[in-house]
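Visitor: Got a structure for you, questions after.
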């Protein structure tokens with residue numbers, strides 16, 4: 001047996017641009033010296049990208065911070081705004097509305113989750129909502145914004161945020177970042193993919209002009225086409241449409257009708273839902289629906305009827321299938337973004353899943369041998385992440401009381417994954433929620449949706465039931481008052497955005 005260690009990867013080829021391709025290129029270029037590893041990105045200006053107005057979760061802040069991107073510069077380049085959470089309208093019942101805010105609700109006391117105290121408080125205050133005790137939700141509703149403070153004694157330490165921005169502009173910004181750091185962009189269409197005869201690994205791609213690009217490792221960022229992972233390597237797709245029946249979107253931008261809101265709006269409709277994503281100079285809109293239960297014409301009409309301002313251009317149809325490849329990393333090819341899988345953007349996780357694909361690859365960065373145990377671990381972690389996000393999205397459809405259309409009757413009564421069924425049953429019975437295996441959504445997020453869509457526990461924590469009601473009332477009302485004062489002192493979202501044109505501001509740490 002040879003004692004010579006396997007060589008290192010020298011040539012990385014990213015096929016496809018857009019957010020997936022240029023996020024991958026930017027991350028790799030920030031870590032790999034160009035004189036040691038050649039990173040090339042192949043894309044064609046003739047092939048469009050899915051790019052729409054993008055809403056995110058706070059993890060995007062970490063990604064930008066790792067790259068050293070100044071926040072004010074990023075927001076200016078992408079027409080970005082701040083996002084404190086998502087407002088859900090008509091999901092539990094027609095006429096209902098609630099926030100899934102970033103950050104926490106209230107404050108845990110004596111090691112017991114805050115929502116247990118709130119459940120006791122609500123017995124005497126039936127009009128109370130969990131959103132009353134979220135600083136992010138209250139600031140969002142007031143159209144205000146402020147940065148979180150590091151001091152845990154400050155009420156502003158309870159804030160968390162993410163962004164809305166133009167995804168196409170973000171990809172363009174990252175292209176400049178990556179090219180400055182040595183990434184070579186190659187313009188053109190791929191006409192053929194060549195594989196090694198013995199291993200089946202991808203050897204090179206052939207371009208329309210007859211040139212070719214060879215590599216040791218390939219990233220498939222070709223979107224739903226899956227040019228490498230699917231059409232070349234034949235990796236199967238795991239279909240989740242029986243749990244997530246929407247399969248089509250109509251997307252269009254419209255003129256802004258006022259100052260941009262610091263939150264996304266998701267409005268449940270007849271056979272799906274509509275998003276509203278405010279950027280600085282326009283609003284992104286889209287209607288996601290089941291084509292089996294609604295025609296394209298009806299979906300477009302519903303979308304256009306509910307715009308807040310005049311449309312910019314015509315709606316663009318996007319057909320999709322929910323699910324993921326059975327392997328994200330096969331042979332010497334890693335699928336990032338839509339080529340690896342798709343989950344509708346109900347909780348703004350599209351870029352997060354791209355980010356996870358990149359970060360997990362970097363954590364497992366292989367030698368040229370690309371040992372199967374490394375690929376297997378990558379696939380295990382990415383599949384787990386997709387399943388975690390899947391369950392959280394399904395929760396919104398399952399936890400509804402709507403029975404006014406065939407769509408909602410189906411989702412309300414459908415079978416769901418056992419992992420989700422156990423969570424709902426545990427919360428319904430005892431109000432308990434736990435976070436498993438570094439899943440992206442914290443217990444606060446689960447609680448916001450479960451309670452927001454009217455799943456009320458049958459009982460509260462027995463320890464909390466022994467606490468004097470007056471003490472609970474005093475504590476919660478004190479929290480509520482402190483949050484109210486903090487919101488009153490915040491700038492409007494528009495004023496805060498305008499202040500970014502003053503001396504440069506940098507990214508601050510932010511979690512969820």
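Visitor: Within region 246-264, does at least one residue satisfy the condition of being in a loop (DSSP other than H, G, I, E, B), modelled with pLDDT under 95 and over 20 Å from residue 313 (Cα atoms)?
Guide: yes
Visitor: Can you confirm whether region 81-103 contains a residue that is crowded, with 19+ Cβ neighbours inside 10 Å and modelled with pLDDT under 95?
Guide: Looking for residues that are crowded, with 19+ Cβ neighbours inside 10 Å and modelled with pLDDT under 95, one finds at least one in region 81-103, hence yes.
Visitor: Please work out which one of (1) touching a helix residue (DSSP H, G or I) at 6+ places or on another chain (Cβ under 8 Å); (2) closer than 23 Å to residue 158 by Cα; (3) without any contact (Cβ under 8 Å) to a residue 60 or more places away in the chain; (4) surrounded by fewer than 18 Cβ atoms within 10 Å (Cβ to Cβ) is the condition residue 438 fails and give its number.
Guide: Of (1) touching a helix residue (DSSP H, G or I) at 6+ places or on another chain (Cβ under 8 Å); (2) closer than 23 Å to residue 158 by Cα; (3) without any contact (Cβ under 8 Å) to a residue 60 or more places away in the chain; (4) surrounded by fewer than 18 Cβ atoms within 10 Å (Cβ to Cβ), only one is false for residue 438: (1).
Visitor: Taking region 473-484 as the region of interest, how many residues are in contact with a helix residue (DSSP H, G or I) (Cβ under 8 Å, 6 or more places away or on another chain) and surrounded by fewer than 19 Cβ atoms within 10 Å (Cβ to Cβ)?
Guide: 5
Visitor: Please go through region 31-44 and pick out each residue that is part of a loop (DSSP other than H, G, I, E, B) and more than 10 Å from residue 189 (Cβ to Cβ).
Guide: Passing the criteria: 32, 33, 34, 35, 36, 37.
Visitor: Say whether the condition of being within 17 Å of the chain's Cα centre (by Cα) and modelled with pLDDT of 95 or more is met by at least one residue in region 396-406.
Guide: Yes: region 396-406 contains one or more residues that are within 17 Å of the chain's Cα centre (by Cα) and modelled with pLDDT of 95 or more.
Visitor: Within region 239-253, can one find any residue that is surrounded by fewer than 18 Cβ atoms within 10 Å (Cβ to Cβ) and within 30 Å of residue 201 (Cβ to Cβ)?
Guide: Yes - at least one qualifying residue is present in region 239-253.
Visitor: Another question, if that's okay. Suppose we filter 264, 283, 222 for residues that are buried (at least 22 other Cβ atoms within 10 Å of the Cβ) and in the same structural domain as residue 22 (by TED's automatic domain parsing); which single one remains? Steps first, please.
Guide: On the way: 264 fails: in the same structural domain as residue 22 (by TED's automatic domain parsing); 283 fails: in the same structural domain as residue 22 (by TED's automatic domain parsing).
Matching residue, one of 264, 283, 222: 222.
Visitor: Taking region 117-133 as the region of interest, how many residues are buried (at least 20 other Cβ atoms within 10 Å of the Cβ), farther than 15 Å from residue 158 by Cα and in contact with a strand residue (DSSP E or B) (Cβ under 9 Å, 6 or more places away or on another chain)?
Guide: Going through region 117-133 one residue at a time, the tally reaches 1.
Visitor: Next up: For residues that are surrounded by 24 or more Cβ atoms within 10 Å (Cβ to Cβ) and outside any helix (DSSP H, G or I), tally how many sit in region 146-159.
Guide: Result for region 146-159: 1.
Visitor: What is the residue count in region 185-223 for residues that are touching a residue at least 40 places away in the same chain (Cβ under 8 Å) and farther than 24 Å from residue 22 by Cβ?
Guide: 3
Visitor: Determine whether residue 143 is under 20 Å from residue 347 (Cα atoms) and under 24 Å from the mean Cα position of the chain (by Cα).
Guide: The answer is no for residue 143.
Visitor: Follow-up question, since we're still on this one. Taking region 336-378 as the search range and keeping residues that are touching a helix residue (DSSP H, G or I) at 6+ places or on another chain (Cβ under 6 Å) and part of a loop (DSSP other than H, G, I, E, B), which one is nearest to residue 219 (Cα to Cα)?
Guide: In this case the residue turns out to be 336.
Visitor: Go through (1) outside any helix (DSSP H, G or I); (2) touching a helix residue (DSSP H, G or I) at 6+ places or on another chain (Cβ under 8 Å); (3) surrounded by 11 or more Cβ atoms within 10 Å (Cβ to Cβ) one by one and return the number of the condition residue 458 breaks.
Guide: Failing condition for residue 458: (3).
The values are calculated or read from the model by the stated rules, or taken from the named source; none is laboratory data. What you are looking at is a predicted structure, and each value in this text was computed from that prediction instead of being measured. A quick note on method: Cβ atoms are made from the backbone with ideal geometry, for glycine too, and the neighbour counts reach across all protein chains shown.
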